[in-house]
Amino acid sequence: MKILMASSEAHPYAKTGGLADMVSALSITLAKLGHEVRIAIPRYYGIDRDSLAPLEGAMGVPVGGGEEWCAVYTADLPGSPPKNPVRVCFIDHEKFFGRDGIYGNPWEPDFLDNPRRFSFFSRAVFQLCRKTGWFPDLLHSHDWPSALVNVYLKFWERPLGERGEFAKTASVLTVHNLGYQGVYGKDNYGCTGLGWDVFYNAGFEDWDMMNILKAGLYSADKLSTVSPHYAEETKTQAQGFHLDGVLRYRSADYSGILNGIDTAVWNPAKDAYIPLKYGISNLAEGKARAKKALQKEFGLPLSAEVPVIGMVTRLTGQKGVGELFGPGYGSAWAICRDMKIQLVLLGSGEPWCENEVQSLASRLPNFRCRIGYREDLSHLVEAGSDFFLMPSRYEPCGLNQMYSLAYGTPPIVRNTGGLADTVENYNQETGEGTGFMFDDLSPQAISDTVGWAVWAWYNQRPRIEAMRVAGMKKDFSWEKSAKKYVELYQSCLR
Ligand code: ADP
């Protein structure tokens with residue numbers, strides 16, 4: 001099958017979160033399964049042109065207000081199979097993408113011209129196929145920045161009929177986070193180049209605004225999200241971000257497929273960022289060495305006895321940081337003050353939270369933080385912690401809890417979305433389980449559950465050891481998930 005991924009992020013070129021990992025890992029696995037896969041992403045300012053191969057000639061892209069011209073660069077995606085590499089095509093347009101930031105920057109968190117930037121990108125995906133003479137059987141787009149691909153296919157390309165190059169192309173749209181929908185004033189609609197009939201027929205209309213994701217949800221042949229639990233939750237008013245009605249309407253075409261993890265990168269037996277590579281056979285030594293390195297890195301007393309609770313997270317409300325670090329320091333203060341633990345956090349995000357976290361770290365001897373994005377440190381936190389805390393408000397899939405399971409670090413998580421699909425709650429009767437879970441999102445529930453894990457650490461250590469091993473034995477490989485995507489693709493080609 002020929003598959004073209006249209007995405008605003010792809011690891012290692014552009015990443016703000018799990019979306020980038022997913023797009024690249026899924027593409028690589030599909031290529032390993034024998035499919036021909038390409039990825040289209042914008043060439044952001046940070047992606048060095050010198051490392052890419054240019055395609056000859058400029059490419060014209062018809063959008064609202066005329067034609068925009070851009071260049072195209074290509075590269076083989078690192079990690080893809082040498083005999084069937086995933087080809088990444090970079091859409092290079094100085095005015096739209098030659099700036100710092102993918103969606104925005106600290107001063108302008110959502111660039112004002114984002115509707116124009118991503119309309120252009122989505123439209124360019126089709127021109128890219130024409131330019132290269134390579135037409136996919138399936139267009140797979142991701143989140144609102146490429147959701148217009150589904151709309152253009154249905155309302156621009158397919159109406160060309162049999163003479164159009166995309167007459168037989170099917171499309172899938174994956175929702176990675178329903179909280180981000182690309183909602184803008186209607187006055188931006190002109191930049192899509194689509195008529196006002198399409199505005200209403202494709203479902204852009206959203207309380208007199210333009211909602212790009214919503215139009216994509218109506219236009220794609222099939223919809224997916226990144227875990228079965230989240231698929232169900234998004235159909236409810238509580239978690240549907242007011243698109244639950246649309247998702248219920250499209251229920252027959254909407255499913256959840258759990259993301260896998262990249263086991264070449266997130267694997268304690270191969271990890272170059274940790275002091276000693278380890279597996280189940282040398283787990284105790286591997287974890288002990290990593291824990292020591294982590295404590296050293298964060299300037300904490302070196303103690304094997306005191307459990308380290310780690311976090312790697314975006315500091316945003318979705319991740320439960322309001323309850324953890326919110327007014328009066330939420331539960332973090334109580335956890336650090338009342339429990340014999342060490343807490344380390346690596347993260348960046350909303351300024352209020354960065355401030356709060358730093359202020360807390362300056363007051364507590366057993367809490368340390370690092371504000372910023374550090375790939376290497378994120379591996380060390382996963383490996384060196386004894387527990388991994390993820391009190392998410394909602395979690396479409398979540399990668400970090402799967403990483404922590406793979407690294408023998410039982411996660412402490414809220415029972416929601418992908419966390420509910422991947423973690424099994426500790427059963428105190430039988431000792432079974434892979435982590436600790438709670439339902440309520442409240443400071444009390446977070447500290448109670450951390451307290452439960454810490455109690456088990458000090459009183460039932462053999463159970464914790466068994467829990468580590470149970471987590472490490474879980475299969476979160478991409479192969480399993482990629483096969484489900486192939487089934488989904490085949491169902492829309494039929
Ligand atoms: P989300 O995509 O909602 O942020 P996920 O758990 O699905 O959450 O994926 C987050 C990804 O981003 C993981 O690969 C995680 O390690 C990484 N990450 C998040 N914050 C940081 C950070 N400050 N430094 C390094 N990696 C980070």
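Brief remarks follow.
- All positions within segment 370-392 that are under 20 Å from P351 (Cβ atoms) and either more than 11 Å from the ligand (Cβ to nearest atom) or buried (at least 22 other Cβ atoms within 10 Å of the Cβ) (or both): none
- Of the candidates L223, L194, the single residue that is in a strand (DSSP E or B) and more than 16 Å from the ligand (Cβ to nearest atom) is L223.
- Any chance V265 is in a loop (DSSP other than H, G, I, E, B) and not assigned by TED's automatic domain parsing to the domain that holds H379: yes
- Given (1) crowded, with 20+ Cβ neighbours inside 10 Å; (2) farther than 26 Å from G398 by Cβ, index of the condition M209 fails: (1)
- Matching option when the condition is without any contact (Cβ under 8 Å) to a residue 60 or more places away in the chain, assigned by TED's automatic domain parsing to the domain that holds W452 and under 23 Å from V454 (Cβ atoms), among G347, G330: G347
- Number of positions in segment 426-447 that are over 24 Å from the mean Cα position of the chain (by Cα) and either surrounded by 14 or more Cβ atoms within 10 Å (Cβ to Cβ) or touching a residue at least 40 places away in the same chain (Cβ under 8 Å) (or both): 9
- Test: residue in segment 158-179 that is in contact with a Phe, Trp or Tyr (Cβ under 9 Å, 6 or more places away or on another chain), over 23 Å from C492 (Cα atoms), part of a loop (DSSP other than H, G, I, E, B) and assigned by TED's automatic domain parsing to the domain that holds F199: yes
- Unique match (being in the same structural domain as V72 (by TED's automatic domain parsing), in contact (Cβ under 8 Å) with a residue 12 or more places away in the chain, outside any loop (DSSP other than H, G, I, E, B) and surrounded by fewer than 21 Cβ atoms within 10 Å (Cβ to Cβ)) among K214, K131: K131
- One residue from S362, S251, S255 being hydroxyl-bearing (S, T, Y), assigned by TED's automatic domain parsing to the domain that holds Y403 and away from the ligand (no atom under 16 Å from the Cβ): S362
- Count of residues meeting criterion [surrounded by fewer than 19 Cβ atoms within 10 Å (Cβ to Cβ) and in contact with a Lys or Arg (Cβ under 9 Å, 6 or more places away or on another chain)] in segment 35-51: 3
- Test set (1) in contact with a Leu (Cβ under 8 Å, 6 or more places away or on another chain); (2) surrounded by 15 or more Cβ atoms within 10 Å (Cβ to Cβ); (3) on the phi < 0 side of the Ramachandran plot - D271 fails condition number: (1)
- Pairs meeting the criteria (first residue in segment 3-18 and in the same structural domain as D48 (by TED's automatic domain parsing), second residue within 13 Å of the ligand (Cβ to nearest atom) and of a type in the set (G, A, S), beta carbons under 6 Å, at least 6 apart or on different chains) are E9/A20; A10/A20; A10/S24; H11/A20; H11/S24.
- The residues of segment 290-326 that are over 17 Å from S378 (Cα atoms), at pLDDT below 95 and outside any helix (DSSP H, G or I), listed by number, are T316, G326.
- Helices (runs of 4 or more DSSP H) (entirely within segment 327-423) containing at least 3 residues that are at pLDDT below 95 and within 22 Å of G179 (Cβ to Cβ): 351-363
- Scanning segment 126-168 for residues being in contact with a Leu (Cβ under 6 Å, 6 or more places away or on another chain) and hydroxyl-bearing (S, T, Y) gives a total of 1.
- Residues of segment 226-238 classified as touching a helix residue (DSSP H, G or I) at 6+ places or on another chain (Cβ under 8 Å) and either under 25 Å from L112 (Cβ atoms) or assigned to a loop (DSSP other than H, G, I, E, B) (or both), total: 6
The values are calculated or read from the model by the stated rules, or taken from the named source; none is laboratory data. Please read these numbers as outputs of a predicted model, since none were measured by experiment. All Cβ positions, even for glycine, are placed from backbone atoms using ideal geometry, and neighbour counts span all protein chains on display.
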